[in-house]
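Working notes for the structure below.
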Amino acid sequence: MIDAVRDDASLSQAVETFFRSTFSTSNPLITEAVKRMLAAGGKRLRPRVTLLAAQACGGEPLEHLYLAAYMELIHVATLIHDDVVDNAQLRRGVNATAVDYGNRVSVLAGDYLFAWIFKNVTANYDAPIPHILSATLADICDGEVLQLRALGDLQTDVTRYLEVAEKKTASLFAASASCGAIAAGGEARLVEALREFGRWYGVAFQMTDDLLDLTAEEATIGKPVGNDLRERKMTIPLICALERGDRDFTERIARFYGGSDGEAAIPAIVADIVAQGGIEATRRLLHNCLDRAELSLRSLEPTPARSELQSLVEALR
């Protein structure tokens, strides 16, 4: 089976099959909660990156299916916690875990899942993979704290935003790529190239998510449009608009984030962000990150796996 399954579509299907038929913990309630979130969908980008990185380094990707699955489960655990912190009601178009199970069960489910993942990783993988993943989890938590501290802070600049994006989002993409390469026995230069790919792809992915929050339909993103504004987050389109905007625009944002204006103001704020050039400036930054991700792939041999990684980049353009 391993020899027959090499294309990206088949790898993605293998990940889905694993989650449906193989994934289980010793706690039935937590298994149920996690499987419910997995069943809600998702692109499974992190496990795809892991398997493609392994394949790009000459490995048989399905030999690393469990490692790939752990990357997605780390992501799921962070989402469960995020929804508690943000008091979110929807995730991927269905109730957030906390809505159906309550905050206490959700927090414990996320904690348990982290522990379960690392128990399996440390038991089955040699250094440096456990070290990379533990450092990644620390980065994710650090990034979340930095984002919380920046809520409503209109002085947040692009440099500070990038620090949050690299830690909160890009670190797991970088870990997915580098761990897949290491597990497949990739040379150090390939491991580093794939880590850099994951880093810049991850930052671009976060910027895309910020854009979609302002420009997509609710059915597309699985949560209310403008949700980042409701949560007073300093996203990259808003930061770029504030850098270019006039005093009146800054004062309107300050009133909204200060609670003076209600939710009815959101459509006008979105229009203001567009008018002040926030969307256009974000797309320029996004394309710069994607260019860097593409550049890192040049160290790899021209294989189908590299082409699939390239296609991930193109999908964000």
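For this structure, a couple of remarks:
- Unique residue being farther than 15 Å from ILE140 by Cβ and either out of contact with any His (no Cβ under 7 Å at 6 or more places or on another chain) or not in a helix (DSSP H, G or I) (or both) when the list is ASP111, ASP100, ASP82: ASP100
- Scanning region 29-55 for residues that are part of a helix (DSSP H, G or I), surrounded by 16 or more Cβ atoms within 10 Å (Cβ to Cβ) and among the small types (Gly, Ala, Ser) yields ALA33, ALA53, ALA54.
Yes/no matrix, rows are residues, columns are (1) modelled with pLDDT of 95 or more; (2) among the acidic types (Asp, Glu); (3) more than 15 Å from the chain's Cα centre (by Cα); (4) surrounded by 24 or more Cβ atoms within 10 Å (Cβ to Cβ):
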| residue | (1), (2), (3), (4) |
| --- | --- |
| PHE173 | yes, no, no, yes |
| SER176 | yes, no, no, yes |
| VAL191 | yes, no, yes, no |
| THR220 | no, no, yes, no |
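- Residue within region 112-123 that is buried (at least 19 other Cβ atoms within 10 Å of the Cβ) and among the polar types (S, T, N, Q) present: no
- All positions within region 234-248 that are buried (at least 18 other Cβ atoms within 10 Å of the Cβ) and either at pLDDT 95 or above or among the hydroxyl-bearing types (Ser, Thr, Tyr) (or both): MET234, THR235, ILE236, PRO237, LEU238, ILE239, CYS240, ALA241, LEU242
- Residues satisfying the stated conditions in region 125-178, i.e. in contact with a Lys or Arg (Cβ under 7 Å, 6 or more places away or on another chain), touching a residue at least 60 places away in the same chain (Cβ under 8 Å) and part of a helix (DSSP H, G or I): ILE140, GLU144, GLN147, LEU172, PHE173, SER176, ALA177, SER178
- All positions within region 278-317 that are modelled with pLDDT of 95 or more, under 21 Å from ASP213 (Cβ atoms) and outside any helix (DSSP H, G or I): LEU316
- GLY185 vs. criteria over 19 Å from GLU72 (Cβ atoms) and touching a residue at least 40 places away in the same chain (Cβ under 8 Å): yes
- Qualifying residue in region 233-245 (condition: more than 30 Å from ALA174 (Cα to Cα) and among the β-branched types (Val, Ile, Thr)): no
- One residue from ALA265, ALA241 being small (Gly, Ala, Ser) and either farther than 28 Å from GLY152 by Cβ or more than 26 Å from the chain's Cα centre (by Cα) (or both): ALA265
- Matching entry among LEU286, LEU295, LEU316 (being of a type in the set (A, V, I, L, M, F, W, C), within 24 Å of the chain's Cα centre (by Cα) and surrounded by 20 or more Cβ atoms within 10 Å (Cβ to Cβ)): LEU286
- Any hit, region 8-19, residues being closer than 24 Å to THR169 by Cβ, small (Gly, Ala, Ser), within 21 Å of the chain's Cα centre (by Cα) and crowded, with 20+ Cβ neighbours inside 10 Å: no
- Near pairs, Cβ below 7 angstrom, 6+ apart or cross-chain, from region 258-274 (in contact (Cβ under 8 Å) with a residue 40 or more places away in the chain) to any residue that is part of a helix (DSSP H, G or I) and small (Gly, Ala, Ser): ILE273/ALA241
- Meets criteria (among the aliphatic types (A, V, I, L, M), surrounded by fewer than 22 Cβ atoms within 10 Å (Cβ to Cβ) and not in a loop (DSSP other than H, G, I, E, B)) for ALA271: yes
- Residue within region 249-256 that is surrounded by fewer than 22 Cβ atoms within 10 Å (Cβ to Cβ), in contact with a helix residue (DSSP H, G or I) (Cβ under 8 Å, 6 or more places away or on another chain), modelled with pLDDT of 95 or more and hydroxyl-bearing (Ser, Thr, Tyr) present: yes
The values are calculated or read from the model by the stated rules, or taken from the named source; none is laboratory data. Quick caveat, the model's predicted, so the values are computed rather than measured. Neighbour counts run over all protein chains shown; Cβ positions are idealised from the backbone, glycine included.
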